[in-house]
Amino acid sequence: MRNIYISLRFKVIVLLFILIASLALIINESSTALIHEKTREIFQQRLDLLRESIKSYWESEKNLLLNNAMLYAESEKLTNYSSYGLYNLLQKEVERLIAKTGFHDLKITLSNGMTVSSNQSLITRGQPLDMRDTRQNLSLVEVQNHEDGLYLAAEVPLHKLGEFIGRLTLRRKLDDSRMKRTARNLQAETAVAVKETITASSLAESYRQELAKEHLLNSVRKEDVFNIRFGNATWSVGRVNIAKTADGEQVTIYLAISQEKMLSLVEDARTRNLSVTGWVLVIALIISVVFSEKVLLSRIRELRDGANIIAGGDLSFQITSVHGDELGNLARSFNRMAASLKLNRDHLQHYVEHIEKLANYIQNILGSLKTCVITWNIAGHIETANQAALHEFSDLFPTLEGLSLKQFLTKLPKNSRKEIIKGWRTVREPGDRQFEIEINPGSNAGRKVLQGGFSLLLDNERNPYGLILTLSNITQRKIIEQQLYHADKLSSIGQLAASVAHEIKNPLASIKTLGQLLQEETQPEDSRREYIDVIVSEVNRLNMVVEQLLKYAKPEDSSFREIVFSEIIKPVMSLVHHESERHRVVLQADYLPDLKVFVDSEKLKQVFLNLIFNGIQAMSNGGQISIRAHKQSESPWVTIEVQDTGAGMSPETVARVFEPFFTTRQRGTGLGLAIVKKIIDLHGGKIEVSSEPGKGTCFTIYLPQKQEG
Amino acid sequence: MFKSGKGKKQRNHGMNLMILLLISLVVISFPKSILGASDGSVGLLSRIDFAPALLEMISHELERTTGRHFSLIFQPVEASGSINFSDSLPLMLVEKGIPEIMIPEGLEKTDLSISLVWVLAAGKDVTQVLGSQTLTLDKFAALLAELRQNDPQRFPWFEPLLSKNTMRNFCLLYGEKSQKTSTRRHRAAMFHQQPHAAAMLYRAIESELLNPLSVEADLGLAMEVFAAGDADFVSYWLPQSYLNNAALRPAELAGVSFMPFPLSGNRTLLPKLTLNLWKSKEQKIVSSISADAQAEINDSVVELDFLSETAWINSLYPANYDALIVGDL
């Protein structure tokens, strides 16, 4: 799988971000939990405090009411109006005093029984007050439970110049609006209950009913603090028995705090924490970006750039800004590494140069060697091959390096393969086993004979890690040996033939003379004349054979010079033109006009004359003789082919075709091709014959560019 | 003539704009008169301690007289006769008798004046009882006693006896202490038989006919008591024109009857205080009512004069008031 590139800066930032985010979240959660706990604690404390506060609040309400009543009682207008029977004015004044005060009503009951009330338009006349009742002069605050609601009433005496004139009653109705006001002041929902009834509440109606049920239940349970479900929210409720009514009924106040507020506080705290966390994260992100850049990445980048410079080859580079931390240590190590690399490279360069020189020297040696040197690895593949090897095998393999043994052997003749394999297998045996192989490069190059052998390639520990095959081209030596053999053979034959020829030459001369005398002495019509003619012609033929034999055996002088091939072949073709036409043989020549050969031109003409005449004689019904001459650029040979479309020769005939006196014709000396071979050998060349019965014969002559030897 | 639909709407809209423009022009030209705003302020220079209700009546009367709406600014006259001026006003109602030296410079007296008469006001219920009867002193006393009997918790008569002018007027009508002295016989007599005002009032208080609070009451309180219905009778300053023309009276006085205080021997005296209108030369004030429309009084009038009344207040009021308080008759 392909590696995905992720920037280190990104990793550092992400890591730092994750760390700080985790920390912030943990702190957030911890603090939120703590806040929750504290909030709950405070909540409980608040509830307890509220329960205490309501008592004070109640007292303050009572005191406020009482004080106001007393204040009103001190009103000169009230007292005057009360004292002097100005009841209508008193009514107006009472109404005026009570207007927009929040009090429910203000009532003045005069000692004469007249009652003026702010919420009654009529002035009523009741029983006079009992002046004997000492309570008439008392001030009091009481809770009054009437049908229309619960009231907090303050009663004070009314005096005019020290004389009791009546009582003033100021009432505040403990209704829903009052409860709501109380709720606002206390920051808690309130409800007041008397007996089994919730008389007033700041709660919504549905909640009120729930509380009413709870009130009924709680009258049995007597819990002062409990939870109650209002809708979907849970409320904490505190209960306080605050007072008793004038009739002795218990007045209970309920204080309810929604836990939602507490939860919302917690949520607010959480949100604030999260907000702070968010800001912390943002700042942390900025710091991590700056930190990663300044402290980490820029220096890592410096190291990277330094590594790139060193990779580019400049080992003299050194990191200059080195700090006292791990990256600084890394930088120092980097510098040491660079210095060490430079030193090693310098050494290496020196060794490399030395090795290169050595390699070049060895390469030059190997390249200069005429001997083929081929190294094989232990797996059987060619590791190296010197120039001589490449040259010798160039016709078979474009390159030798990498070839397996099998591939190498494939293009070799069977016997050569056997020799190679045998040599490979017996390489470890003691002794220097040499073998010869033949390679036949192709139609344009001559057969080669290479002689060589395998050697083990040993390492420093004398362990074999390959083989060396050395081959020397002994083709010329083989040719020369053959030539010498032939020459020797021919020389022997020639010497024999020459002595025989010389011995019979004289008798033949005598025979010929006598024959010619008999011809002169006999008439043409003589029956014996035919026999004498035959004797003379045969003697002539024998003389020709003797001449040829003597010619064959006679070492002749040669005159080699470089000549254009056309100067040799054209005269030849002119000479044989008449003969070829007579036998209906087409002569065709194919050669480059500037092809040059280094030959004895007369002898070579002789060669072509012999070959062409042989070809003509082989095609009794006509045919074609092609003469092709060319030279390959890399080859030292000039190749000349003389091909006919005659009857061809059998393999047995081919094997003996160059033997002296070997002939398949009735007439002929059997020395023509032997003379041809002798001439070719004389040139240091080679002649080969290939023939197939019915398909014709091809003589291939290889002439060296320059005379060897 | 008029195009229907959109054209008519556009025309109506244009007319409304024109009307609005006209109104604006009128408002700009006569802002105070159209919008009910004051045409200016008129100073009120008098020794009377005017109650808000009385000031209201004077203001209405002034508007009726001049055809212009003014706001009244009361300039109190100290007992010593000194006047405190807060602002110089182009128009002033000046009590008759106030020396011109006390009147701000630049003002000149006009022919316009507002007269206030000091009368006895009877509540609606009593008015119904009285019907068209003339209230004599005896009848007054009897009526008071009857009213008291009907409702012992209530005093049928109330007076602003703290007001020096009220005391003066009572003394004018019923005599003053210095002039007459009550005797033992008088002490036993009913209030209306007392020889002088202080004795009468004291006796009335004693008889629980006159609300004792009257001793500490000012004009404003008295008018409030009467308006509240806590008294059936009270003395009342009334613009003269309201006396015989109930239509001119404010709505809260509907059903109330006003009459001269009953005197012995079936006499009637009507104390009258005249407030003359003084103006600056730039002011153009004309009467909006004809001379024939001026109220006529058939009763004998006692023209109250600032100087003489002030002199009495300064000299004789304390004794009469003390006599009222302590009962030193």
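The values are calculated or read from the model by the stated rules, or taken from the named source; none is laboratory data. This structure is a prediction, so every number in the text was calculated from the model and none was measured. Here the Cβ is made from the backbone with ideal geometry for all residues, glycine too, and neighbour counts use every protein chain on show.
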Q: Looking only at the range B:114-122, decide whether some residue is over 22 Å from B:Leu54 (Cα atoms) and away from chain A (no Cβ under 14 Å).
A: no
Q. Any idea which of (1) in contact with a strand residue (DSSP E or B) (Cβ under 6 Å, 6 or more places away or on another chain); (2) at pLDDT below 85 is the one A:Thr669 doesn't satisfy?
A. (1)
Q: Please indicate, with yes or no, whether at least one residue in the range B:261-275 is modelled with pLDDT of 90 or more, within 14 Å of chain A (Cβ to nearest Cβ), surrounded by 19 or more Cβ atoms within 10 Å (Cβ to Cβ) and in contact with a strand residue (DSSP E or B) (Cβ under 7 Å, 6 or more places away or on another chain).
A: no
**Q.** Complete set of residues in the range A:71-90 that are more than 9 Å from chain B (Cβ to nearest Cβ) and touching a residue at least 40 places away in the same chain (Cβ under 8 Å)
**A.** A:Tyr72, A:Ala73, A:Leu78, A:Thr79, A:Ser82
Q: Could you list, in sequence order, all residues of the range A:624-642 that are farther than 30 Å from A:Gln387 by Cβ and out of contact with any helix residue (DSSP H, G or I) (no Cβ under 8 Å at 6 or more places or on another chain)?
A: A:Gln624, A:Ser626, A:Arg628, A:Glu641
Q: Could you grab me the full set of residues in the range B:114-144 that are surrounded by 14 or more Cβ atoms within 10 Å (Cβ to Cβ), β-branched (Val, Ile, Thr) and closer than 23 Å to B:Asn266 by Cα?
A: B:Val117, B:Val119, B:Val126, B:Thr127, B:Val129, B:Thr136
Q: Tell me, please, whether a residue that is closer than 23 Å to A:Ser394 by Cβ and surrounded by 18 or more Cβ atoms within 10 Å (Cβ to Cβ) can be found in the range A:670-679.
A: no
Q. Scanning for something surrounded by fewer than 24 Cβ atoms within 10 Å (Cβ to Cβ), hydrophobic (A, V, I, L, M, F, W, C) and at pLDDT 90 or above, does the range B:248-258 turn up at least one residue?
A. yes
Q. What number of residues within the range A:604-631 are within 60 Å of the chain's Cα centre (by Cα) and either crowded, with 21+ Cβ neighbours inside 10 Å or closer than 25 Å to A:Pro660 by Cβ (or both)?
A. 1
Q.
For the range A:373-383, check the following and say yes or no: at least one residue is over 34 Å from the mean Cα position of the chain (by Cα) and free of Cβ contacts under 8 Å to residues at least 24 places away in the same chain.
A. no
Q. Which residues, counting only those in the range B:209-238, are of a type outside the set (Val, Ile, Thr), under 15 Å from B:Leu144 (Cα atoms) and either within 9 Å of chain A (Cβ to nearest Cβ) or not in a loop (DSSP other than H, G, I, E, B) (or both)?
A. B:Leu210, B:Asn211, B:Pro212, B:Phe226, B:Gly229, B:Asp230, B:Ala231, B:Phe233, B:Ser235
(Q) Could you check the range A:340-380 and list, in sequence order, the residues that are in a strand (DSSP E or B) and either touching a Gly at 6+ places or on another chain (Cβ under 6 Å) or farther than 26 Å from A:Leu471 by Cα (or both)? (A) A:Thr375, A:Trp376, A:Asn377
Q: State which residue pairs qualify: first residue within 10 Å of A:Val536 (Cα to Cα) and aliphatic (A, V, I, L, M) and inside the range A:512-526, second residue outside any loop (DSSP other than H, G, I, E, B) and at pLDDT below 90 in any location, beta carbons under 7 Å apart, and separation of 6 or more residues or different chains.
A: A:Leu518/A:Ile532
**Q.** strands (runs of 3 or more DSSP E) wholly inside the range A:91-206 containing at least 3 residues that are out of contact with any Cys (no Cβ under 6 Å at 6 or more places or on another chain) and away from chain B (no Cβ under 14 Å)
**A.** A:105-110, A:140-146, A:149-160, A:163-173, A:189-194, A:197-201
Q.
Consider the range B:145-166. How many of its residues are within 14 Å of another protein chain (Cβ to nearest Cβ) and crowded, with 18+ Cβ neighbours inside 10 Å?
A. 11
